[in-house]
Ligand SMILES: [Cu+2]
């Protein structure tokens, strides 16, 4: 404890680690491979650096003139050319299998995710000709089943990264990239956008909820039906009156626009504004009146003309959508 600053730095660094968004706490085979490789690389680097230090100390202690020019050249050849070539070749051979794209079959669940400024459009496409289901900012997947993410973007390049599940994959306008994963553990994990995409790039996250297979099927079936809570209320009337339906969809109502996030089951989501705020009615009301206050550059118009009480009523209505 001689240097309190050092300890403060180390400890505050550790508080940034949590199991929800971590490459060390994995719940998928691909992420496990990445972690394994990082471990091998770290150990290898430590061994090499330790060996260099040992060599350096030996050289310091050796009597002058002990090393001939020939010895020096031989060392450069081994440590500078042959050694690195062998190490890099071994690493390449070790890493090649991990680069093989994972295969997915016709029966797998396909989830299409579009990167938007600054949120995620999610579409589930189960096999067997079952209708597609739209959602946003939260992705549910079944444990133990292969899930193929089809990733693309509407505006600029984003990157889809669920550290606990797999490596990063770019989302590129006009192109569909595939990321095939299989979750091994039930739980909630966090994903983020890993490619700078504009003002609110750092405010673009999502939750991944890995569920038991039967729970997932039941959830998917339930989600297709009209949104519960979409009944006549003051909030519903205000939602209609202010034209929110021009951009948002709520299943079971007349609103089916796809410009903004689908709100059909908004009340079920754990976050507001793509992973950034807890969805309390106060936060939702503030977001409606000033989306840019929470997310600079957000593509939703501000509604300062809506009174705080009316915004609260809309928030209550939205929270009830399941
Ligand atoms: Cu992004």
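All of the numbers you see were taken from the coordinates with simple rules; none came from a lab. Because the structure is a prediction, the values reported are computed rather than measured.
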*By how many degrees, 0 to 90 and rounded to 10, does the Cα axis of helix 308-319 deviate from the longest principal axis of the chain?*
70
*Taking Cα pairs under 8 Å and at least six residues apart, what relative contact order does the chain come out at, in percent?*
16
*In whole Å, what three semi-axes, largest first, describe the equivalent ellipsoid of the chain built from its Cα gyration tensor (square root of 5 times each eigenvalue)?*
50, 24, 17
*asked:* Quick check: residue separation of residue 308 and residue 92 times 0.36 nm, minus the Cα distance between them. What number comes out in nm?
replied: 71.8 nm
*Which angle between 0 and 90 degrees, to the nearest 10, do you get for helix 83-99 versus the longest principal axis of the chain when only C-alpha atoms count?*
30
*What length, rounded to one decimal in nm, is gained on full extension from residue 41 through to residue 156, with 0.36 nm per residue of separation minus their alpha-carbon distance?*
38.1 nm
*Whole-angstrom gap from the range 259-288 to the range 139-154, using each part's C-alpha centre*: 22
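Give me the number: length gained by fully extending residue 55 to residue 22, i.e. 0.36 nm times residue separation minus the C-alpha to C-alpha distance, one decimal in nm.
Taking residue 55 through residue 22 to full extension adds about 8.2 nm, to one decimal.
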*Scale the Cα Rg of the range 234-319 by the rule-of-thumb value 2.2 N^0.38 Å and send over the ratio, two decimals.*
0.98
*Compute the acute angle (0 to 90°) between the alpha-carbon long axis of helix 213-224 and the principal axis of greatest extent of the alpha-carbon atoms of the chain; round to the nearest 10°.*
40
